[in-house]
Amino acid sequence: MSASDRVDWQAWRKARKLEQQRHRRGMHPRIDYYPSEDVLALIRERTHGRVGGDQSSVIDELVRTAFRNKIGRFRNGGKGETVSTSGITDAIA
């Protein structure tokens, strides 16, 4: 590989990485989030070394659970009691 070929390859590689990064950020927007101490404790106690135990997955599950409970209370006349929401929230699961 000549020096010129290497320069061309490096330019192509850099452009490709930038394109992939733009695509990734478009598909998965970054949310900077700094939880309070009590919420951080909830996240940490649910974090583990298996699939689904990373911080993003734990936060996703906490948000989904809160959403399901809110929908449950709404469907139950706002009495504060959770009800079954199967079928209602399947689209977000």
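The values are calculated or read from the model by the stated rules, or taken from the named source; none is laboratory data. All values derive from a computational prediction rather than experimental measurement. Note that we place each Cβ from the backbone using ideal geometry, even for glycine, and neighbour counts take in every protein chain shown.
Considering each of ARG24, ARG30 in turn, give the residue that is of a type in the set (Lys, Arg) and surrounded by 10 or more Cβ atoms within 10 Å (Cβ to Cβ). None of the other options fit; the residue is ARG24. Is it the case that MET1 is touching a helix residue (DSSP H, G or I) at 6+ places or on another chain (Cβ under 9 Å) and loosely packed, with under 10 Cβ neighbours inside 10 Å? So MET1 passes the test.
Once region 41-51 is narrowed to residues that are basic (Lys, Arg) and surrounded by fewer than 14 Cβ atoms within 10 Å (Cβ to Cβ), the residue that is modelled with the lowest pLDDT is ARG50. Scanning region 52-83 for residues that are of a type in the set (Val, Ile, Thr) and at pLDDT 85 or above yields VAL58, ILE59, VAL63, THR65. Any residue at all in region 9-17 that is touching a Gly at 6+ places or on another chain (Cβ under 8 Å), without any contact (Cβ under 8 Å) to a residue 60 or more places away in the chain and assigned to a helix (DSSP H, G or I)? Among the residues of region 9-17, not one is touching a Gly at 6+ places or on another chain (Cβ under 8 Å), without any contact (Cβ under 8 Å) to a residue 60 or more places away in the chain and assigned to a helix (DSSP H, G or I), which makes the answer no.
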